[in-house]
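Everything below concerns the one structure shown next.
The values are calculated or read from the model by the stated rules, or taken from the named source; none is laboratory data. All values reported here derive from a predicted model rather than from experimental measurement. Don't worry about glycine lacking a Cβ; one is built from the backbone with ideal geometry, like all the others, and counts go over all protein chains shown.
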Amino acid sequence: MNNSGGERVLRVSGLCHRYGDRFALGGVDLEVPRNSIFGLVGPNGAGKTTLFSLIAGYIGVQEGTIEVLGGHRPGHPSLLGRVSILPQDAAFERNVTIFDQLVFMRQLDGINRLAARKEAAAALCAVDLEEISARGAVVLSHGMVKRLGVAQAILGQPELVLLDEPTSGLDPANARRVRDLIRGLKSRATVIVSSHNLLELEGIVDEVAIIDHGRILACGHIDEVTRLDRRLVLRFGRDLTADEVQILSVIEGVEGVEADDLEECGEVTIALAASVGESAATVQRILRSVVDEELPLREMREGSSLEDAFLRITGGKGGS
């Protein structure tokens with residue numbers, strides 16, 4: 001997988017896990033750099049939750065190795081309070097105040113009550129729940145419960161935070177609040193986040209791994225993983241004719257052209273060649289054709305899509 005420089009807080013090597021006769025993970029190799037936001041994406045049943053559970057020490061390693069924060073095995077006493085996790089189905093006591101629940105969780109890590117109270121108050125403040133800290137979880141909305149789960153995951157000063165679908169089911173405002181919180185964690189922790197919302201992940205992660213059928217199919221910096229799906233979007237002062245679209249589609253290095261008729265202009269999305277170097281040359285050829293054909297170009301932007309990369313690598317399966 002990715003072998004770029006920088007300290008690694010997580011190293012996974014040859015990790016295999018089975019449930020009865022079914023393989024959940026089949027030889028996973030993974031490295032996560034310190035103070036990064038690392039994305040894990042894959043279809044339903046790809047092995048994401050099993051991988052999270054193994055890293056957190058919830059289940060034992062059957063085959064392979066996991067080294068956490070300097071070579072410790074998952075669940076090692078030295079990792080207490082240094083590794084935290086937000087499970088996708090995190091649940092809380094309905095009639096115990098959320099403040100007391102966080103205090104209790106922190107005391108389980110061996111922290112005295114006074115320090116635990118300070119940390120619980122800080123975590124609730126970070127997710128904007130301090131004003132309802134005396135309420136029980138029974139009266140919380142779904143969005144509030146999600147934010148409470150994030151508060152639990154960031155209690156104290158964890159160095160590695162695992163977030164499983166942290167924004168699932170949230171409205172746009174709450175999802176943005178959680179994303180901003182995740183970005184803020186990067187200055188003091190490493191975050192591994194799984195999400196079915198690929199556009200959301202693309203906006204916050206530094207590195208990403210795509211997993212399918214228990215195997216890592218692609219892993220690296222977000223630009224490395226998506227560069228095979230580079231796109232050039234051209235917006236014109238009018239709709240292009242079929243002949244003009246055809247001229248663009250036969251340019252060397254162009255792999256496909258999609259044209260959209262907008263209200264006041266036309267937009268063309270061009271799939272570029274896989275090679276970064278070849279893509280640059282292709283862009284120059286496209287611009288020469290635009291000038292030669294006197295097409296009224298208004299805007300050009302180049303980009304790539306994690307969603308496109310995901311669909312290509314997994315063969316078009318739906319995300320989890």
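Given the condition under 30 Å from Leu199 (Cβ atoms), modelled with pLDDT of 90 or more and not in a strand (DSSP E or B), answer yes or no: does some residue in segment 1-8 qualify?
Scanning segment 1-8 turns up no residue that is under 30 Å from Leu199 (Cβ atoms), modelled with pLDDT of 90 or more and not in a strand (DSSP E or B).
Please specify each residue of segment 133-187 satisfying the condition of being under 15 Å from Gly203 (Cβ atoms) and acidic (Asp, Glu).
Scanning segment 133-187 gives a single hit, Asp180.
What's the number of the only condition in (1) assigned by TED's automatic domain parsing to the domain that holds Gly47; (2) not in a helix (DSSP H, G or I) that Ser78 fails to meet?
Ser78 satisfies every listed condition except (2).
Give the residues of segment 190-213 that are surrounded by 23 or more Cβ atoms within 10 Å (Cβ to Cβ) and either out of contact with any helix residue (DSSP H, G or I) (no Cβ under 7 Å at 6 or more places or on another chain) or polar (S, T, N, Q) (or both), sorted by residue number.
Result: Thr190, Ile192, Ser194, Ser195, Ala209.
Could you give every pair whose Cβ atoms fall below 6 Å, whose first residue belongs to segment 174-200 and is within 23 Å of Leu10 (Cα to Cα), and whose second residue is basic (Lys, Arg), counting only separations of at least 6 or pairs across chains?
The qualifying pairs are Thr190/Arg34; Ser194/Lys48.
What tally of residues in segment 264-296 results from selecting those that are within 13 Å of Arg235 (Cβ to Cβ), part of a loop (DSSP other than H, G, I, E, B) and modelled with pLDDT under 85?
The qualifying residues number 2.
Where residues in segment 85-100 are in a helix (DSSP H, G or I) and free of Cβ contacts under 8 Å to residues at least 40 places away in the same chain, which of them is farthest from the chain's Cα centre (by Cα)?
So in segment 85-100, the residues in a helix (DSSP H, G or I) come out as 98-100.
Restricting the remaining residues to those that are free of Cβ contacts under 8 Å to residues at least 40 places away in the same chain gives 99-100.
Working: Phe99: 29, Asp100: 31 Å.
So, considering only residues that are in a helix (DSSP H, G or I) and free of Cβ contacts under 8 Å to residues at least 40 places away in the same chain, the one farthest from the chain's Cα centre (by Cα) is Asp100.
Filter segment 11-59 down to residues that are of a type in the set (Lys, Arg) and exposed (fewer than 15 other Cβ atoms within 10 Å of the Cβ) and give me whichever is nearest to the chain's Cα centre (by Cα).
Taking segment 11-59 first, the residues of a type in the set (Lys, Arg) are 11, 18, 22, 34, 48.
Those still in the list that are exposed (fewer than 15 other Cβ atoms within 10 Å of the Cβ) too: 18, 22, 34.
Numbers: Arg18: 25, Arg22: 26, Arg34: 16 Å.
Restricting to residues being of a type in the set (Lys, Arg) and exposed (fewer than 15 other Cβ atoms within 10 Å of the Cβ), the top hit is Arg34.
Please go through segment 157-182 and give me each residue that is surrounded by fewer than 20 Cβ atoms within 10 Å (Cβ to Cβ) and at pLDDT 90 or above, ordered by number.
Listed by number, the list holds a single entry, Glu159.
Would you check if there is a residue in segment 38-61 being on the phi < 0 side of the Ramachandran plot and touching a Cys at 6+ places or on another chain (Cβ under 7 Å)?
No, every residue in segment 38-61 fails to be on the phi < 0 side of the Ramachandran plot and touching a Cys at 6+ places or on another chain (Cβ under 7 Å).
Give Val254, Val225 a once-over and let me know the one that is at pLDDT below 85 and surrounded by 16 or more Cβ atoms within 10 Å (Cβ to Cβ).
Details: Val254 fails: at pLDDT below 85.
Going through Val254, Val225 in turn, just one is at pLDDT below 85 and surrounded by 16 or more Cβ atoms within 10 Å (Cβ to Cβ): Val225.
Evaluate the following for Ala46: is it assigned to a loop (DSSP other than H, G, I, E, B) and of a type outside the set (Lys, Arg)?
Values: assigned to a loop (DSSP other than H, G, I, E, B): yes; of a type outside the set (Lys, Arg): yes.
Yes.
Just for helices (runs of 4 or more DSSP H) wholly inside segment 144-263: which have at least 2 residues that are under 18 Å from the mean Cα position of the chain (by Cα) and of a type in the set (D, E, K, R)? Spell out how you get there, then give the answer.
On the way: elements: 172-185, 198-202, 222-226, 242-249.
Per the criteria, 172-185, 198-202, 222-226.
Which members of segment 44-58 meet the condition of being within 15 Å of Ser195 (Cα to Cα) and out of contact with any Gly (no Cβ under 6 Å at 6 or more places or on another chain)? It would help to see each step written out before you state the result.
Taking segment 44-58 and keeping what is within 15 Å of Ser195 (Cα to Cα), we get 44-52.
Of everything in segment 44-58, those that are within 15 Å of Ser195 (Cα to Cα) and out of contact with any Gly (no Cβ under 6 Å at 6 or more places or on another chain) turn out to be Asn44, Gly45, Ala46, Thr49, Thr50, Leu51, Phe52.
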